[in-house]
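Undergrad: Before I ask anything, let me first share the structure, which is written out below as structure tokens.
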């Protein structure tokens, strides 16, 4: 709170620093949900934080495909792709498409 107040004072502005840029969109079907899951995983590569999204340490991707204990709803997430092999395949295929069309930028 004090950080927000300080920045607002410095920049002569009012209100929240971050919430104005948030956009919400209703996910109405499983196909769109699969795209959103991939989008979230691929985003660090798109913004050049890593060369390969699979290596981004703050991503849930590796945790989803691992067998280690997790608080993630791994089974529910994988179910949207039918199984773990399709989850991986979907991500690999979408990455190829994004890279081919230079959508990383």
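The values are calculated or read from the model by the stated rules, or taken from the named source; none is laboratory data. Predicted, not measured: the structure shown is a model, and the values here were computed from it. Here Cβ is always computed from backbone atoms with ideal geometry, including for glycine, and neighbour counts include all displayed protein chains.
Undergrad: Within the stretch 83-105, work out how many residues are in a loop (DSSP other than H, G, I, E, B) and either under 17 Å from the mean Cα position of the chain (by Cα) or at pLDDT 95 or above (or both).
TA: Qualifying residue count for the region: 4.
Undergrad: OK, next. In the stretch 74-85, which residues are surrounded by 11 or more Cβ atoms within 10 Å (Cβ to Cβ) and under 13 Å from residue 37 (Cα atoms)?
TA: 74, 77, 78, 79, 80, 81 - these are the residues of the stretch 74-85 that are surrounded by 11 or more Cβ atoms within 10 Å (Cβ to Cβ) and under 13 Å from residue 37 (Cα atoms).
The rows are residues; the columns are (1) assigned to a helix (DSSP H, G or I); (2) touching a helix residue (DSSP H, G or I) at 6+ places or on another chain (Cβ under 6 Å); (3) over 25 Å from residue 100 (Cα atoms).
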site: 3; (1), (2), (3): yes, no, yes
site: 8; (1), (2), (3): yes, no, yes
site: 13; (1), (2), (3): no, no, yes
site: 25; (1), (2), (3): no, no, yes
site: 28; (1), (2), (3): no, no, yes
site: 43; (1), (2), (3): yes, no, no
site: 75; (1), (2), (3): yes, no, yes
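Undergrad: Among the residues of the stretch 47-54, is there at least one that is at pLDDT below 95, under 16 Å from residue 77 (Cα atoms) and either touching a strand residue (DSSP E or B) at 6+ places or on another chain (Cβ under 8 Å) or not in a helix (DSSP H, G or I) (or both)?
TA: For the stretch 47-54, residues at pLDDT below 95, under 16 Å from residue 77 (Cα atoms) and either touching a strand residue (DSSP E or B) at 6+ places or on another chain (Cβ under 8 Å) or not in a helix (DSSP H, G or I) (or both): absent.
Undergrad: On to the next question. Looking at 65, 37, which is the one that is free of Cβ contacts under 8 Å to residues at least 40 places away in the same chain, under 16 Å from the mean Cα position of the chain (by Cα) and surrounded by 13 or more Cβ atoms within 10 Å (Cβ to Cβ)?
TA: Among 65, 37, only 65 is free of Cβ contacts under 8 Å to residues at least 40 places away in the same chain, under 16 Å from the mean Cα position of the chain (by Cα) and surrounded by 13 or more Cβ atoms within 10 Å (Cβ to Cβ).
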